[in-house]
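Below you'll find the structure, written out as structure tokens, and then a few comments.
The values are calculated or read from the model by the stated rules, or taken from the named source; none is laboratory data. In this text the structure is predicted, and so the values were computed from the model without any measurement. As a convention, Cβ positions derive from the backbone with ideal geometry for all residues, glycine included, and neighbour counts pool all protein chains shown. Quick note on the areas: whole protein, heavy atoms, side chains included, nothing else; ligands and nucleic acids left out. Shrake-Rupley method; radii C 1.70, N 1.55, O 1.52, S 1.80 Å.
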Amino acid sequence: MSTSTPPTGDYAIDVHNLNKHFGNKHVVNDVSLRVGRGEIFGFLGPNGSGKTTSIRLMCGLLTPDSGSGTCLGYDILRESAQIKRHVGYMTQRFSYWEDLTIRENLDFVARIYQMPKRREAVDRALESLGLASRANQLTGALSGGWKQRLALAACMLHEPELLLLDEPTAGVDPTARRDFWEELHRLAARGISVLVSTHYMDEAERCHKLAYIAYGKLLTQGTASEVIAGQNLETWAIHGERLSALAAQLRNARGIDQTVVFGSALHASGRDHAALAAAVARAVEGQPLRAERIDTGLEDVFIYLMSQVKDNYANGDQKRSDGRGVTK
Ligand SMILES: Nc1ncnc2c1ncn2[C@@H]1O[C@H](COP(=O)(O)OP(=O)(O)OP(=O)(O)O)[C@@H](O)[C@H]1O
Ligand SMILES: [Mg+2]
């Protein structure tokens, strides 16, 4: 691999107004985003919202229709070869050989990249990700968590300064996910920047900053508390029986913008805080229900953002480029 040092810059990723169409579908719509050095940046959004495509645009793997920016200081349009040398990209699909051992897989990747001092690089990756004791295990026999660790080790082989991790913990059990995130925080503490897409809220909360994308548009970005504060939603939790029926009843009440059942509680959220409090008080009065005001969570906010953008599409305010409304 090249030993050239990348240009220094304040941001690991700094992209502006990226657009990408596939056919007549506007898959990435005016996305601008900045990831600071040493930052863990979470990328959230429903299936098909454009996360993977955005990631590929940001590291120069895919050319945008319009827009510009830098990745580690390199121009995403003209310097994709340099970007590849300094970025570790973990694709959404596990793509290693099941009939090779962990060590053989890493060695294979190191050969593809024509890395000098291959053996040392593989040993270092095995060691730093706690894989050394399993180096000779067949990859096909590994649990999901260890497979993800191998995938992370493979994209760390060339000691990148930025990791792009596309749903690295999908389908991985909670303990392995927690270990994986501890690893990410260790890497960030060493100054490595991380952009990670995920569907898990607990992971979103562990990011320094996050962004939410839907239908190709970034709806919000910032720290978790900025993202939450940005929507000015207040939330009440209602405890009791028959919460689904209560949710249906409350959905159209004045002051209530959203109802979501979370396990044993119904969350009712709204922007008009006084009207919300009054609606909740009316709903629980004389009923075997208990209501308490709680901190609005990221999930409340993401569900709200998604419903807003859906409504916009349904109202035809933001027609898709193919002229049809979005029905999903
Ligand atoms: N190469 C391609 N050609 C045509 N359409 C594509 C291509 N890649 C992605 N798409 C479409 O672009 C949209 C965004 O896809 P993308 O994979 O970026 O979403 P995502 O947010 O990563 O979804 P997921 O959470 O399911 O991984 C989808 O509608 C997808 O079908
Ligand atoms: Mg994806």
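For (1) open to solvent by 30 Å² or more (accessible area, probe 1.4 Å); (2) polar (S, T, N, Q); (3) away from ligand 1 (no atom under 16 Å from the Cβ), each residue gets a yes or a no:
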residue	(1), (2), (3)
Tyr11	yes, no, yes
Asp14	no, no, yes
Val27	no, no, no
Ser32	yes, yes, yes
Gly50	no, no, no
Gln114	yes, yes, yes
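Among residues of the range 34-48 being of a type outside the set (A, V, I, L, M, F, W, C) and more than 8 Å from ligand 1 (Cβ to nearest atom), the one that is nearest to Leu164 (Cα to Cα) is Gly42. Those strands (runs of 3 or more DSSP E) of the range 1-92 in which at least 2 residues are within 21 Å of Gly222 (Cβ to Cβ) and in contact with a helix residue (DSSP H, G or I) (Cβ under 9 Å, 6 or more places away or on another chain), considering only elements entirely within it, cover 11-22, 25-36, 40-44, 66-71. Here Ala189, Ala237, Ala224, Ala170 are screened, and the one residue that is more than 16 Å from ligand 1 (Cβ to nearest atom), open to solvent by 40 Å² or more (accessible area, probe 1.4 Å) and either of a type in the set (A, V, I, L, M, F, W, C) or more than 23 Å from Gly270 (Cβ to Cβ) (or both) is Ala189.
The sole residue among Leu157, Leu164, Leu129, Leu77 that is within 25 Å of Glu39 (Cβ to Cβ) and free of Cβ contacts under 8 Å to residues at least 24 places away in the same chain is Leu77. Can you find a residue that is of a type in the set (D, E, K, R), within 16 Å of ligand 1 (Cβ to nearest atom) and open to solvent by less than 10 Å² (accessible area, probe 1.4 Å) anywhere in the range 195-204? Within the range 195-204 (the criterion being of a type in the set (D, E, K, R), within 16 Å of ligand 1 (Cβ to nearest atom) and open to solvent by less than 10 Å² (accessible area, probe 1.4 Å)), the answer is yes, since at least one residue qualifies. Glu159 fulfils the conditions (1) crowded, with 21+ Cβ neighbours inside 10 Å; (2) closer than 24 Å to Asp107 by Cβ except for a single criterion, (1).
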